[in-house]
Every structure is written in C-alpha cells, then in structure tokens.
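Down below is the structure, laid out as structure tokens.
Coordinate-derived values only; no laboratory data. Note that this is a predicted model, so its numbers are computed, not measured. Note that we place each Cβ from the backbone using ideal geometry, even for glycine, and neighbour counts take in every protein chain shown.
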Amino acid sequence: MHLKMTSRLLAAAFLSLVVGCQGEPTQSPEGSQSAELSAKADCVQRFDGITTCAKGNASLAASEKGVQVNGLKSLKTDGVSSTFNDAITWSQDAQIRVGSASGGLALAARDGDQVVSTLRITPGKDRQVSVEPGFTGSSSGAFRMNVYNNGRLVGSSPQPQAMIITFYSWWAFLDWYYWHWGFFSYRTTATGGNVGMDGACGWRLNVANTTFSVKLADGKEVVGDTVEFIEEIGDGAYPYRHFSGIDVNASATDFLVTGESFGQEK
C-alpha cells in the first residue's frame, strides 16, 4: 500500500507479536507496562471489542479517521494501551512520525498487568534503527533472529538476552511511516525429534517496498525486507494461551491509530 505526501517519505510497515509466551514473567521493563494510564481516564471504544486508553500524559481523540494520540513526550510514560478479551491475534494500523533524534517506540505484550514480551525501536541518523527485543520465557532471555527477503529466509542467528541490533538503510526519524502492528499465537506441534514451539513469543517487522541490511551473529551481512525475533523457550516454562492487551509507548510528534482488531480461539 502507498500513501503520497509532499516532501515526506511514507512507508508501510508490518510488525507482529507472536503470542502464547512461556514463562512466569519477571519484573516488567521500565516504560513498557500497562499501568500508569492517563489520570483523566481517557479511553475510547473506536474499534470493535477493544478499549483504547491513553497512558501518562497522552490524550485521545476519536474520529472517522481513527484515534489520534497526542502528548507523546516521554517514552517511559506516554502512549496508548489496547485491552481486549482472550485474544490470540491482534493487529493495529497507525501513522507515526517520531520527529526527533530522542524519539522512539516501546511495545509490550501483556496478560493482565504482566508484561511477557517487549520490543524497543529507536530510529537514528542516516536511516539507522536500533531494535531491542525482550523475552521472559526463560532465565536466559535468548532469542533467534530470522531475516527474510521476498518471503525467502536469507539469514538466521541466535542472539543473547538484551542484544541491541542495528539495522541500516531503513527509516528516518523525521519522516512519516504507516505501520501495521500485530501479534498471533505461535503454536506448532512436535514433529519427529523436533520440539514444538507452543507458547513462544516472537516479533515480526516489515516495511513494504523497503529493504534493510543487518549483520548476523557470525558477522555476515544480509539484506532483507522482513525480520522476526523468536523467543528461545527454556525448560519448565509456563505457556500463556491468551493475551489481553498491547501497549505502545512513544516519544513522537504524530500518532494516528487508523485501524485495530483482534481474534479469539475458535
């Protein structure tokens, strides 16, 4: 999909959170939890079955275009919180412009008030983007990064906990972007000697018609259009079968949620 804007680059992005995360969650990462809703109790029900509330200093305004989110100054406190019942899939469309070198985004998937997975995105100069996934399914917090180009896997590498990955030639913080965020239940069955990934958390991010370059753990550089981060499940982890919310904190000049939906297990 394309949107044309004078003197601005507008790209389409797809981000998916893979749910059913395993493991009793540890302490929620700072700035990524669902608490601290707006003191004004600023909530709307613009999208079917979803309650959208402002966090921190943010405020909401619903219209035929969607939900405009204003007052996004602090990445730690300000954002929008979406709540729904027993979801296994969720998606949100949003137009976002970070607008400054100090801006960024912090996403969190939660079951009630328990944050089970996070993703911090920080665009920088020269179209560099720093991405930091966070998982709570095992004490190691390790994950695997998979890179795809035109639907073909071009690189895969294990990554340790709290690894910040730099992507090149991707986004600029001064430009507009059209995002499609989402999550779904990552449920596979065991086949042969392989262990199923029921309950694994994962994030997927894609920018339509735009590629990036990134280095794998072995130093090899690959070019792709989609990246995913899949949690490495630890022994004794507890599977979450449903999710009840997604928080998107931001330090941004413009944020318009244009669509949002969720799905339940049949």
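A few notes on this one:
- Extension gain for V44 to K215 (0.36 nm times residue separation, less C-alpha to C-alpha distance): 57.4 nm.
- Take each peptide in 254-260, 123-129, count the other Cβ atoms within 10 Å of every residue, and average; sorted highest first, the result is 254-260, 123-129.
- Projected label points at Y168 and N57, each 7 Å from Cα along the beta carbon direction, are separated by 3.6 nanometres.
- Per-peptide average of other Cβ atoms within 10 Å, ordering 107-120, 153-166 highest first: 107-120, 153-166
- Listed peptides 63-73, 218-228 appear in the order 63-73, 218-228 once ranked by packing, highest mean of other Cβ atoms within 10 Å at the front.
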